Each structure stands twice: as structure tokens, then as C-alpha cells.
Amino acid sequence: AVPIYQKSITRAKESVLRNNLFTIRTMIDEYTVDKQKAPDSLEDLVSEGYLRQVPQDPMTSSDQTWRPIMEDTPVGGSSSSPGLFDVRSGSDKKALDGSSYSDW
């Protein structure tokens, strides 16, 4: 019974991770369209009202471990600095399907 319980806990955390990633990515896109430049960090999404707070990465139990992926070419043109393009989990663990959480 214990392995089944542990697997269900992991499934629930994976579901929360997927939802958090979807929400953060959607807000990055909305911020970028609205401001015509990508946010510099996740904190920009909070300070501008796109998120109430930076969600916690359920795999690391922290809101400070997200791995930011910066854009190659700034949306605002070459005169602006590259902004936040994507975000990934900071966990080095493997998912139930064998993939790495940091690749989601």
C-alpha cells in the first residue's frame, strides 16, 4: 500500500507542476504582448499584477528554484536586454514517465 500511496503523491505533485508551468508561461506571454518586451524575471510578473505570487515548484518545495530561460533575441529589438522567455523546474529528479522535470 505504501508504494501506491507514494506514487499517488508524486502524480499529484506532477499535476501541480504542469499547472504551474502552464500558468507561468501564459503570464510570460501576456506580459510580453502587453509590454512589447519580455519580463526580466518572475518577480516582474508579480510586481505588474500578472501573478499574485511566484508559485512554488512542487518538486523542490521552493519558489526560488525555477530555472529561467532567457530569449535569444529581445522582443523589443536589439537595443533592449534579453528577457524571460520560458521557465523550467529546478528539480534534478525524474518523473514517473522517465523524463526529467527540468525538461518539462
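A few remarks follow.
- Residue match in segment 13-26 (condition: part of a helix (DSSP H, G or I), under 30 Å from LYS94 (Cα atoms), among the basic types (Lys, Arg) and out of contact with any strand residue (DSSP E or B) (no Cβ under 8 Å at 6 or more places or on another chain)): yes
- Lone unmet requirement of (1) assigned to a loop (DSSP other than H, G, I, E, B); (2) of a type outside the set (Val, Ile, Thr); (3) surrounded by 15 or more Cβ atoms within 10 Å (Cβ to Cβ) for PHE85: (1)
- Under the condition of being at pLDDT below 95 and of a type in the set (D, E, K, R), the residues counted in segment 8-39 number 2.
- Taking segment 88-104 as the range and being part of a strand (DSSP E or B) and open to solvent by 80 Å² or more (accessible area, probe 1.4 Å) as the test, only LYS94 passes.
- Qualifying positions in segment 49-82 - charged (D, E, K, R) and part of a strand (DSSP E or B): ASP57, ARG67
- Residues satisfying the stated conditions in segment 29-48, i.e. touching a residue at least 24 places away in the same chain (Cβ under 8 Å), part of a helix (DSSP H, G or I) and closer than 11 Å to VAL75 by Cβ: THR32
- Residue pairs meeting the criteria (Cβ under 9 Å; at least 6 apart or on separate chains; first without any contact (Cβ under 8 Å) to a residue 12 or more places away in the chain, in segment 85-102; second of a type in the set (Gly, Ala, Ser) and outside any loop (DSSP other than H, G, I, E, B)): ASP92/SER100; ASP92/SER102; LYS94/SER100
- Filter result for the condition that a residue is open to solvent by 80 Å² or more (accessible area, probe 1.4 Å), within 22 Å of GLY98 (Cβ to Cβ) and touching a Gly at 6+ places or on another chain (Cβ under 9 Å), over ARG18, ARG11, ARG67: ARG67
The values are calculated or read from the model by the stated rules, or taken from the named source; none is laboratory data. Small disclaimer: the values here were computed from a predicted structure and weren't measured. In this analysis, Cβ positions are derived from the backbone assuming ideal geometry, glycine residues included, and neighbour counts consider all displayed protein chains. Surface areas here come from the heavy atoms of the whole protein model, side chains and all, with no ligands, DNA or RNA. Shrake-Rupley method; radii C 1.70, N 1.55, O 1.52, S 1.80 Å.
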